[in-house]
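The values are calculated or read from the model by the stated rules, or taken from the named source; none is laboratory data. Since we're looking at a predicted model, the values are computed, not measured. So basically every Cβ, Gly included, is an ideal-geometry build from the backbone, and we count neighbours across all protein chains shown. Surface areas here come from the heavy atoms of the whole protein model, side chains and all, with no ligands, DNA or RNA. Shrake-Rupley method; radii C 1.70, N 1.55, O 1.52, S 1.80 Å.
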Amino acid sequence: MVTTRNMNGTLAPALRSASSALRRVLPDPERPGRVMAAVGWLESTRLLDPATAVAGRAVRALPLGGARDVLHGRWLGHAVHPMMVQVPIGAWMSAAVLDLMPGQRRAAGILVGTGLASAGPAALAGWVDWAELHPDQQRVGLVHAVSNQVGVLLYAGSFLARLRGRHARGRALSFAGLTAVSVGGVLGGHLSFRQAAAVNHADDVAHVVKPGWHWIGGTETFPVGHPVRCTVGEVPIVVVREADGTLHALADRCSHQDGPLSQGEITDGCIECPWHGSVFRLSDGWNVRGPATAPQPVFETRTVDGQVEARYRG
């Protein structure tokens, strides 16, 4: 009969051995791993800046018209690129599984072709978002795009090899392509989760602003038609006074990339971010033009004895 003491005596050495093996494989938690060091170098190096400048001008010059906001995801409320890449990545991952199974050549080839057909629109949406990012984000994003492009070329070679009956070469090129897009995926994850690209930078307002009315200044503080920056607690807001005395207040940090709306231009009841050109309606914060995909938080205002107060409109 096995006792609890015997079981513990047997499991303890095994657990210590497994823990030791994990420490050898996993990065040292006390200092950055090689991957983080490499990505950190990408963020800070200026060697990529000439290439990002040329690519940025090219992307912004594309005659996309209203399709640009569609590709940004303004209609959806968040970026569509992460959603669109699920199709090619899912198809190629599934093709890799089928390539390991006998009798699945045709199905694997169809999935490789499906991934290729869907990669173009996903890449275009990514480039449109990339062109409106900060320089450090663009550096990482450029290598992310190049890695994915290498993967697409390898998958294209795989597809052609399969069509010509060279299935062993097709499988080898597919696995090489999957490696390349996996590197691109790691960098894409860094962009999203470490560098906060294409996220709503004004979302925290609802969580940090204190409830109730807050004094923000006298009426003379707000000249007609000029954006004025002030604060509600620790939250910066931009206040604009219309000719009839109506005061509009929005969160000052642009939801796209933290741009200062108080330095923007006022046109037709809207304010334009000076950094990337997102346009928000003053009356309700609605993002009438991208690249911002989320509206601005809105604050109510009231005037009491010549003193203006504001509170968050939750």
Please name whichever of His167, Leu261, Val288 sits farthest to the positive end of the charge dipole of the chain, dipole taken about the Cα centre and charges placed at Cβ: Lys and Arg +1, Asp and Glu -1. His167
Using the Cα gyration tensor of the range 176-262, with a ≥ b ≥ c the square roots of its eigenvalues, what is the shape: rounded (a/c below 1.5), prolate (a/b larger than b/c) or oblate (neither)? prolate
Toy charge model, Lys and Arg Cβ at +1, Asp and Glu Cβ at -1: the chain dipole around Cα centroid in debye, rounded to 20, equals 2200
Using packing as a proxy for protection, rank 278-284, 101-107 so that the peptide with the highest average count of other Cβ atoms within 10 Å comes first. 278-284, 101-107
For Pro50, what charge total do you get from the other residues with a beta carbon under 15 Å from its beta carbon, if Lys and Arg give +1 and Asp and Glu give -1? +2
With a 1.4 Å probe and all protein chains left in place, how much accessible area per residue does the chain have, in Å²? 56
By the Cα gyration tensor axes a ≥ b ≥ c (a/c under 1.5 gives rounded; else a/b larger than b/c gives prolate, otherwise oblate), the shape of the range 111-228 is prolate
Length gain on complete extension for the stretch Arg164 to Ala117, per 0.36 nm per residue less the alpha carbon to alpha carbon distance? 15.0 nm
Kirkwood Rh over alpha-carbon pairs of the chain, then Stokes-Einstein at 4 °C and 1.567 mPa s: what D in µm² s⁻¹, rounded to an integer? 56
Sites Trp215 and Gln149, calculated FRET efficiency, Cβ-Cβ separation with R0 41 Å, nearest 0.05: 0.15
Note, the range 60-69: 3J(HN,Hα) by Karplus (6.51, -1.76, 1.60, θ = phi - 60°), whole Hz, Gly/Pro = x, goes 5, 8, 4, x, 8, x, x, 5, 4, 5
Under the Karplus curve 6.51 cos²θ - 1.76 cosθ + 1.60, θ = phi - 60°, whole-Hz ³J(HN,Hα) for the range 100-110, x wherever Gly or Pro sits: 8, 10, x, x, 10, 4, 5, 4, 5, x, 4
Restricting to DSSP H runs of at least four residues, report the calculated mean residue ellipticity at 222 nm for the chain, -39500 (n - 2.57) per run over all residues, nearest 500 deg cm²/dmol. -16000 deg cm²/dmol
Once phi is turned into θ = phi - 60°, what whole-Hz ³J(HN,Hα) does the Karplus curve with 6.51, -1.76 and 1.60 give for every residue of the range 192-207, x standing for Gly and Pro? 6, 9, 9, 9, 6, 6, 6, 10, 7, 7, 10, 5, 6, 4, 4, 9
Pull up all non-local amide H partners of Gly217: gap of 5 or more, or a different chain, and H-to-H distance under 5 Å with H placed in the peptide plane. Val308
How long is the gain from Val208 to Leu76 if the chain were fully straight, where each residue apart is worth 0.36 nm and the alpha carbon distance is subtracted? 45.0 nm
